[in-house]
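This report refers to the structure that appears directly beneath it.
The values are calculated or read from the model by the stated rules, or taken from the named source; none is laboratory data. For clarity, every value in this text was computed on a predicted model and none was experimentally measured. We place every Cβ from the backbone using ideal geometry, glycine too, and count neighbours over all the protein chains shown. SASA here: full protein model, heavy atoms, side chains in, ligands and nucleic acids out. Shrake-Rupley method; radii C 1.70, N 1.55, O 1.52, S 1.80 Å.
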Amino acid sequence: MKAQKPPTAPGASPSPQTRKRARIRSVLTALALVVAPGVVVVGGAGDAFAVTKISHSTATSMFRDVGITWSSSGGCSDRNNPTCTSFEQLNLATAQGAQTLKRASGCALNITGGTETGHASGTYSHWNGYKLDFSKYTCLGNYIKNNFTYIGVRGDGAPQWRSGSGNIYADEGNHWDVLYYNCGGC
């Protein structure tokens with residue numbers, strides 16, 4: 001059985017772990033206030049990190065603000081329909097990463113895949129809010145290949161490039177599949 005620590009005496013300094021948890025709680029609270037409404041913070045103060053989820057309408061507003069377009073073969077945004085392009089439950093960092101790409105590249109960006117069903121599964125997947133698919137344009141391809149590091153082919157044969165911030169850009173033939181671990185320096 002684990003021994004319990006005695007409570008902190010009044011006037012004594014809290015432990016480093018307690019201070020860390022309080023800082024995380026404070027950041028999560030601030031994030032919720034800054035990006036709400038339409039935001040769900042997943043995780044808690046004891047987690048190593050928290051993923052902030054946003055709604056479809058929040059994402060489209062963010063994309064519209066920087067001139068990013070989106071389209072779907074089904075002309076819809078239902079997350080449970082694979083012919084739609086949905087941003088429901090997209091990670092805030094993923095949406096910010098797309099904004100960063102747009103601002104840095106100056107290229108036209110059109111999103112053709114978001115969090116809708118029908119993509120490969122896994123922790124860092126479309127469904128879990130980490131990935132977006134972009135239409136292939138010459139400007140975008142040149143930007144990725146000239147500014148990011150080629151890291152070889154993925155298991156499915158898609159050539160990949162890694163940005164300086166660690167995000168992965170895979171050329172899937174008819175579109176770019178982008179994995180956002182972070183916002184790319186936003």
*List every residue pair whose Cβ atoms sit under 6 Å apart, with the two residues 6 or more apart in sequence or on different chains, where the first one lies in the range 165-186 and is of a type in the set (D, E, K, R) and the second, anywhere, is part of a loop (DSSP other than H, G, I, E, B).*
Asp171/Ala158; Glu172/Ala158
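Among Thr69, Thr58, which is the only one that is under 16 Å from the mean Cα position of the chain (by Cα), at pLDDT 95 or above and of a type in the set (S, T, N, Q)? First the steps, then the outcome.
Numbers: Thr69 fails: under 16 Å from the mean Cα position of the chain (by Cα).
It is Thr58.
Which of the residues that make up the range 48-73 are more than 17 Å from Leu109 (Cα to Cα) and either polar (S, T, N, Q) or in a helix (DSSP H, G or I) (or both)?
Residues of the range 48-73 that are more than 17 Å from Leu109 (Cα to Cα), as a first pass: 48-58.
The answer is Thr52, Ser55, His56, Ser57, Thr58.
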_Filter pass, Asn146 being outside any loop (DSSP other than H, G, I, E, B), open to solvent by 90 Å² or more (accessible area, probe 1.4 Å) and free of Cβ contacts under 8 Å to residues at least 12 places away in the same chain_ = yes
*Does the range 109-143 hold any residues that are farther than 29 Å from Cys76 by Cα and without any contact (Cβ under 8 Å) to a residue 12 or more places away in the chain, and which are they?*
Asn142
*Quick one: how many residues across the range 105-143 are part of a strand (DSSP E or B) and either touching a Leu at 6+ places or on another chain (Cβ under 7 Å) or open to solvent by 40 Å² or more (accessible area, probe 1.4 Å) (or both)?*
5
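Does Arg154 qualify as being open to solvent by less than 60 Å² (accessible area, probe 1.4 Å), over 22 Å from Thr52 (Cα atoms) and at pLDDT 95 or above?
Working: open to solvent by less than 60 Å² (accessible area, probe 1.4 Å): yes; over 22 Å from Thr52 (Cα atoms): yes; at pLDDT 95 or above: yes.
Considered against the rule, which asks whether it is open to solvent by less than 60 Å² (accessible area, probe 1.4 Å), over 22 Å from Thr52 (Cα atoms) and at pLDDT 95 or above, Arg154 comes out as yes.
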